[in-house]
Amino acid sequence: MTQAATQHAPAAALAELPVRLERCGRPGVPKYLVLRDAVVQAVTAGDWPAGMRLPNEAELAARLPLSLGTIQRALRLLVEDGVIVRRQGQGSFVAERGVGRMHAPLHCRFLDDAGGYLPVYPEVTDRYAVDAPGPWSAHLGAPGLVCIERRLRIADEFSVFSRFYADPRRMPAFATLPARKLSGENFKDIIWRESAQPIGRISQCLSTLKLPLAVCRVLGVRAGCIGQLLEVCAFVGRDSPIYYQELYIPPNARRMHLAGDGRDPGLGA
């Protein structure tokens with residue numbers, strides 16, 4: 001292991017953490033989730049490189065306006081999300097980013113055998129402009145939308161196909177960020193950065209259908225396979241529509257946890 005890979009957190013990176021905490025804070029969100037999001041932003045921005053050693057919990061408590069219990073809870077979530085790793089007798093480190101695991105998924109919450117969530121690995125497969133009306137129109141209204149297609153690998157068990165629709169005039173990042181960058185991002189984090197508002201109410205409809213042929217090809221299942229379609233209408237602020245999403249789910253043996261609000265931290269929080 002190289003010296004660079006085991007570097008301690010630089011003073012500048014730690015000094016910026018309280019500022020990130022303030023930026024990530026939003027009404028109704030617990031402090032441990034705010035700290036988790038602040039660390040994720042530092043890692044995503046490259047300010048905290050892979051292999052960087054974090055201060056221990058007591059040192060973080062001395063630097064931040066947070067209790068030790070809050071910090072411990074946030075670090076536990078960061079480990080579960082694959083953002084940091086703990087090494088016995090050495091401490092906590094920023095994980096390698098090549099694994100591509102999604103941080104804190106909101107919709108693809110499939111339960112593992114222990115009652116936690118299976119890891120999700122997203123990959124953007126296409127992005128294009130949408131002017132024609134469709135199921136998204138009633139929620140998002142005006143034409144000129146962007147659609148982002150993704151394959152979401154659920155652990156090593158199966159994949160889900162997603163179409164995500166948003167207004168690029170309201171959130172330019174969905175039209176301008178490189179596909180590789182989008183693949184490594186949780187879209188709810190982009191929405192927060194672009195709008196300064198958390199996702200609030202979520203309306204979801206689940207139906208059973210014959211999966212479209214194009215979807216079957218992407219997911220690697222047989223043509224004519226019967227699966228499920230989860231349609232999501234999400235809002236920010238006072239019921240302001242923010243995105244529409246379709247999730248095509250093939251047959252699988254896992255239970256899926258459906259959140260009713262974007263601020264739902266999940267079962268393991």
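Every number in this text was worked out from the coordinates using simple rules, so none of it is lab data. No experiment lies behind these values; they were computed from the predicted model shown. Positions of Cβ are generated from backbone atoms using ideal geometry, with glycine treated the same way; all protein chains shown enter the neighbour counts.
Which of Leu33, Leu111, Leu75 ends up with the largest GNM mean-square fluctuation for the chain, with Cα atoms connected below 10 Å?
Leu111
Return, for the Cα atoms of the chain, the radius of gyration and Dmax in Å, separated by a comma.
19.2, 58
If you take the alpha carbon radius of gyration of the stretch 44-160 and divide it by 2.2 N^0.38 Å, what ratio comes out, to two decimals?
The reported ratio for this selection is 1.40.
Give me P(r) over the stretch 103-147, computed from all C-alpha to C-alpha distances, binned every 5 Å, as integer percentages.
5, 17, 16, 12, 15, 15, 11, 7, 2
First select every other residue whose beta carbon is under 14 angstrom from the beta carbon of Leu229; then total the charges, Lys and Arg +1, Asp and Glu -1.
Surrounding charge for Leu229 is 0.
If amide hydrogens are placed 1.01 Å from N in the peptide plane, which non-local residues have theirs closer than 5 Å to the one on Val83?
Distant-sequence amide H within range of Val83: zero hits.
Taking the 0 to 90 degree range and rounding to the nearest ten, how far is the long axis of helix 11-24 tilted relative to the main principal axis of the chain, both from C-alpha atoms?
Long axis of 11-24 versus the principal axis of the chain: about 40 degrees.
Return the long-range amide H neighbours of Gly25 (sequence gap of 5 or more, or a different chain), with a cut-off of under 5 Å between placed amide H atoms.
For Gly25, no residues qualify.
Could you line up Asp47, Asp167, Asp131 from fewest to most neighbouring Cβ atoms inside 10 Å?
Asp131, Asp47, Asp167
What base-10 log of the normalised intensity I(q)/I(0) is obtained for the stretch 148-248 from the Debye formula, alpha carbons as equal point scatterers, at q = 0.16, 0.20, 0.25 Å⁻¹?
Normalising to I(0) and taking log10 leaves -0.77, -1.08, -1.34.
Work out how much length Leu68 to Asp112 would gain on full extension: take 0.36 nm times their residue separation and subtract the Cα-Cα distance, in nm to one decimal.
Gain on extension, Leu68 to Asp112, equals 13.0 nm.
At a threshold of 8 angstrom on Cα-Cα distance, excluding pairs fewer than six apart, so keeping six or more, what relative contact order does the chain reach in percent?
15
Could you give me the ³J(HN,Hα) list for the stretch 162-177, computed from phi with Karplus coefficients 6.51, -1.76, 1.60 and θ = phi - 60°, whole Hz, x at Gly and Pro?
10, 10, 10, 10, 8, 8, x, 6, 8, 9, x, 4, 5, 9, 10, 5
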